[in-house]
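A quick write-up on the structure given underneath.
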Amino acid sequence: MRDFTELLKAEARRIGFHMVGVARATPTIFFDDYHRWLDQGMHGTMNYLARNLEKRLDSRLLLDGQARSIVMVGVNYYSDAQEGAGTPETGTPDGGVIARYARGDDYHEVILAALRELESWVYERHPEASSRCYVDTGPLLEREIAQRAGLGWVGKNTLLLNQEWGSYFFLGAMVTSLELEPDEPAQEHCGSCTRCIDACPTGAITEPYVLDARRCISYLTIEQKDTIPGEFISAISGTPARVFGCDICQEVCPFTRRFSKPITWARFRPRMRSGSVNLSSLLTSTPEQFKEQFRGSAVKRAKLRGMQRNALVAMGNCRLPEQLKLVQAVADDHDDEMVSRQASVVLCSAMGHD
């Protein structure tokens, strides 16, 4: 299947994928590490990461046990080339920054559609094959598989790094019953560098290659459904204030700073300048306004209540009188009890109380 594998890769690049590689469907080498991570509760409330464990840890079991190969693809989404690769934004007093990956259209839908185009191409040539496409949704350890497929190595911040593209890229997977020619695994190049660990303001990277999601700003602002503890307010409300996700461990990475390239997929181009949204406007937004503003965006995952909570936390270090008045108003009277509690936590933090 060597010739067909090369034709498949060429078709993937024609569709627009910036990276493509193939790995065999095999058991993960991180079986014990993953179980230990779950046992320590580092996945927080992301209970889906503990489901379908047999398949997640042994990709041969996918496709009802017929999985033989996994085609991994990558798409660059870096959107701040004019500022210099990896340059953090400065933000504004009433602005909160959205992580780069969520500034354009929802990558799940965009990449899944492109993967299904590749899947159709395979079916036309091998109608006997079975396959399934995943974009951050299936029982797969995508980054480990991507490393085995040669797309990059898992860095100390647990993200995939590539010597040509940095780390600002999406991953997609097509699991297939075909026996494709696998690529050589990528080699690790982090060396003694610990910049990502040192830069994380919440200490979420507890040691090289280990992330405690419960302390990660991305988890706190997206996955967590309850209030954000006061101990994290100063980190989230720094400069710039992070209102959805976080890029800090990527911004400081030497590979990302050096190799990030301008975005080429139009649907991933930012909808807002420098990825900034107005905090006060978020707090006063109606469900209809929120739905319209973030239609087709990954930001919708946090829902309006989550984004209003995040806006409150992002205001926590500003101390502008008009903002504090708005926070007080939310604490006194808001339709959502969780959002009101978050406002009270922010006020306590602003006044120096625990």
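Count of segment 130-155 residues, restricted to those that are under 18 Å from Val22 (Cβ atoms) and part of a loop (DSSP other than H, G, I, E, B), is 9. Among the residues making up segment 259-293, those that are assigned to a loop (DSSP other than H, G, I, E, B) and more than 30 Å from Asn162 (Cα to Cα) are Thr284, Ser285, Thr286. Taking the criterion of being in contact (Cβ under 8 Å) with a residue 60 or more places away in the chain, of a type outside the set (Ser, Thr, Tyr) and part of a loop (DSSP other than H, G, I, E, B), would at least one residue in segment 251-258 satisfy it? Among the residues of segment 251-258, at least one is in contact (Cβ under 8 Å) with a residue 60 or more places away in the chain, of a type outside the set (Ser, Thr, Tyr) and part of a loop (DSSP other than H, G, I, E, B), which makes the answer yes. Residues that are within 18 Å of Ser260 (Cβ to Cβ) and not hydrophobic (A, V, I, L, M, F, W, C) within segment 157-188 comprise Asn157, Asn162, Gln163, Glu164, Gly166, Ser167, Tyr168, listed in sequence order.
Have a look at Glu181, Glu188, Glu207 and point out the one that is touching an Asp or Glu at 6+ places or on another chain (Cβ under 9 Å) and surrounded by fewer than 17 Cβ atoms within 10 Å (Cβ to Cβ). Exactly one residue qualifies, and that residue is Glu181. Out of the residues in segment 326-354 that are among the charged types (D, E, K, R) and not in a helix (DSSP H, G or I), state the one that is modelled with the lowest pLDDT. Among those that are among the charged types (D, E, K, R) and not in a helix (DSSP H, G or I), it is Asp354.
Filtered by the rule that a residue be aliphatic (A, V, I, L, M) and touching a Ser or Thr at 6+ places or on another chain (Cβ under 9 Å), segment 249-264 gives a lone residue, Ile263. Kindly provide the set of residues from segment 107-140 that are buried (at least 20 other Cβ atoms within 10 Å of the Cβ) and touching a Cys at 6+ places or on another chain (Cβ under 7 Å), ordered by number. Across segment 107-140, the qualifying residue is only Leu115. For Arg301, the test of being surrounded by fewer than 18 Cβ atoms within 10 Å (Cβ to Cβ), assigned to a helix (DSSP H, G or I) and touching a Ser or Thr at 6+ places or on another chain (Cβ under 6 Å) is failed. Checking Leu151 against (1) modelled with pLDDT under 95; (2) outside the structural domain of Arg301 (by TED's automatic domain parsing); (3) surrounded by 19 or more Cβ atoms within 10 Å (Cβ to Cβ), which test does it fail? In the conditions (1) modelled with pLDDT under 95; (2) outside the structural domain of Arg301 (by TED's automatic domain parsing); (3) surrounded by 19 or more Cβ atoms within 10 Å (Cβ to Cβ), Leu151 misses (1) alone. Restricting attention to segment 271-303, the residues that are more than 24 Å from the chain's Cα centre (by Cα) and over 23 Å from Leu320 (Cα atoms) total 4.
Taken together, the criteria exclude Leu57 from residues that are under 27 Å from Glu119 (Cβ atoms), touching an Asp or Glu at 6+ places or on another chain (Cβ under 7 Å) and modelled with pLDDT of 95 or more. Of all residues in segment 193-238, those satisfying the criterion of being in a helix (DSSP H, G or I), under 18 Å from the mean Cα position of the chain (by Cα) and charged (D, E, K, R) are Arg214, Arg215, Glu223.
Residues in segment 156-166 that are buried (at least 24 other Cβ atoms within 10 Å of the Cβ) and assigned to a loop (DSSP other than H, G, I, E, B): Asn157 only.
Can you tell me which residues in segment 305-325 are surrounded by fewer than 20 Cβ atoms within 10 Å (Cβ to Cβ), of a type in the set (A, V, I, L, M) and assigned to a helix (DSSP H, G or I)? Of everything in segment 305-325, just one residue is surrounded by fewer than 20 Cβ atoms within 10 Å (Cβ to Cβ), of a type in the set (A, V, I, L, M) and assigned to a helix (DSSP H, G or I), namely Leu324. If you go through segment 239-252 one residue at a time, how many are buried (at least 18 other Cβ atoms within 10 Å of the Cβ) and over 16 Å from the mean Cα position of the chain (by Cα)? The qualifying residues number 3.
The values are calculated or read from the model by the stated rules, or taken from the named source; none is laboratory data. Treat the numbers as computed from the prediction; the structure is a model and nothing was measured. Methodologically, a virtual Cβ is constructed for each residue, glycine included, from the backbone with ideal geometry; neighbour enumeration extends over all protein chains shown.
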